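Heads up: the structure comes next, in C-alpha cells.
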Amino acid sequence: MSDDNKDTAGRPGPRERVIGTPSPAREKALLAEDDISAPAGVGDQLDEASAKRAERIVATLFLVAFAASVAFIAYFIGWSGRDGGMHGVSRARESNLWLGGLMALSFLALAFGVTIWVRRLMTSKPIVQERHELAADEETRAAFTEDFLEGADDSGITKRPLLRRTLLLAAAPLGLAPLVLLRDLGPLPEKRLRHTYWGEAVKKAQAEGKKGARLVVDGTNKPLRVSDFSSPGSMITVLPEGIEEELPEDQVLTQNAKAVTILINIPADQFKPAKGRENWHVNGIVAYSKVCTHVGCPAALYEQTTHHILCPCHQSTFDATDAAKVIFGPAARSLPQLPLSVEDGYLIATSDYHEPVGPSFWERG
Ligand code: FES
C-alpha cells in the first residue's frame, strides 16, 4: 500500500481503486505497492528435479501429438482413399471416426502438454493489463519489451531445447493436416457429370433391337404404360428400367440420384413444345430432370393448376409447359428434358439427357 493511501494519523486508508488495468510501468509500481506475492509452491525458484520430470511428461505429450498427426495423414492417404475413396455411408463413418479421433488426440496431447508446461515449469505471478491508446508511449513499449523478454525467459523456451524442439515437431504435421484435406476436392469428375444411366439403359435396349429404355415408376419399379398415365395434370417420378438390377449395389444410389426424372401430363392445349423438341413428348406427357439446376435439391413439387415445378430448397420455379424454363428463384438454367416416345404401349426414353443434369459446375463449358 502506498503512503498516498494513509490517513493523516498514518493509518492505512482505503485502497486505491484502479479502473481497468494499469500500464505495464504503472503495474510494476502497483505490484510493488501492494506487495503481491506469488502463491505458495510456485515462484522464481523451481525444484529442478520436479521440473525435469514435468519436462519429460510434456515432451512425451508433444510426441504423442506428433504421432497422432502423422497417423492422421497416413490414414487419410493410405487407408481412407483405398478402393476408390471414401464414398459410401459406412466408409464415411469409418474414416470420420479415425480422422476425428486422431485429430482430437493430437490436439488434446498438445493442449495437455502446454498446460503442464505452464503450470509446472513457469513461475506464477499476477499479470495485469490496461486498456490503453493504440499508440503506446515509449515507456510502455519499453516495459512491454522487458515483460516479454522476461516471460520468454521464464517459459524456458530458450533454456529447454527438448521442449522447444518437440513442440515444433508436434506443431509441424498438425499445421499440414488441414492441407491434405484438399485432396478431397479431387478426383475431377471429368465426363461423369455429363451422363446419366438413361444413356446406358437406352444403349442396352437398342442393342436388343428396341427403340429405347422403358420408364419404371420409382418405388415399384414397374414399367409405365401411356394408358397408366393418361390424366392431365398428374405427376410421377420415374427411373430407367434396370437401374436397380444391373448396377453394383454401391452405385445404385448415386446413379438413381442423377437419373431421377419427373413425368408430367400437361393438357394438350397448354403445352408449348420447345423448338427442336417437338417429338420429345407423348400426347403432352413430358419428362424433366428432377435435380434442381440451382444446387441440386429434388424439384419435387408440382402445382397442377399453374403447371409450375417448385424446388422447396430456395423456391426456384420452372414452367413445365414451356421446356421447364426458370420463372422465379435462383436457378440459372431450365430443368433438362428427356426425349420420350412409345414402344409397345410403354413410355420409353430414346436417349440420355442432352445436357448435364443438376447444378452448374466448372467443366460445363
Ligand atoms: S436447390 Fe433448388 S432452388 Fe436451390
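As an exercise, identify the GluC sites (Glu not before Pro) in the stretch 260-365 lying in DSSP coil whose Cβ has no more than 16 other Cβ atoms within 10 Å. Could you put the intermediate results ahead of the total?
Numbers: sites: Glu278, Glu303, Glu343, Glu363; in loops: Glu278, Glu363.
Within the stretch 260-365, the qualifying GluC sites (Glu not before Pro) (loop, at most 16 other Cβ atoms within 10 Å) are Glu278, Glu363.
Once you've got the Cα coordinates, tell me which of Lys211/Lys290; Lys203/Lys272; Lys222/Lys275; Lys191/Lys272; Lys203/Lys275; Lys204/Lys290 are over 27 Å apart. Before the final figure, lay out each step's value.
Working: Lys211/Lys290 24 Å; Lys203/Lys272 29 Å; Lys222/Lys275 32 Å; Lys191/Lys272 32 Å; Lys203/Lys275 25 Å; Lys204/Lys290 23 Å.
The pairs that break the limit, which is 27 Å between Cα atoms, are Lys203/Lys272; Lys222/Lys275; Lys191/Lys272.
What is the log10 of I(q)/I(0) for the stretch 197-349, computed with the Debye formula using one identical point scatterer on each Cα and no solvent, at q = 0.11, 0.13, 0.14, 0.16 Å⁻¹?
These q points yield log10 I(q)/I(0) values of -0.40, -0.56, -0.65, -0.85.
Given contacts defined as C-alpha pairs under 8 Å and at least six residues apart, what's the relative contact order of the stretch 197-349, whole-number percent? If you can, show how the numbers build up before the last one.
Working: 317 pairs, mean separation 35.0, N = 153.
Result for the stretch 197-349 is 23 percent.
Going through the stretch 193-271, which GluC sites (Glu not before Pro) have at most 15 other Cβ atoms within 10 Å and a DSSP loop state? Mind showing how you got there, number by number?
Working: sites: Glu200, Glu208, Glu241, Glu244, Glu245, Glu246, Glu249; in loops: Glu208, Glu241.
Those that pass, being in a loop and sparsely packed, are Glu208.
Please report the Cα spread of the stretch 224-282 along all three principal axes, rounded to whole Å, starting with the longest.
Reported extents, whole Å, longest axis first: 44, 26, 14.
With only alpha-carbon atoms in the gyration tensor, what are the semi-axes of the equivalent ellipsoid for the stretch 193-245, in Å, largest first?
On the way: eigenvalues 90, 36, 23 Å².
Taking √(5λ) for each Cα gyration eigenvalue gives 21, 13, 11 Å.
Bear in mind that the values in this text are calculations on the coordinates, not laboratory data. Worth saying up front: this structure is predicted, and the values here are computed from it rather than measured. Glycine also receives a Cβ, built like all others from the backbone with ideal geometry; neighbour counts cover every protein chain displayed.
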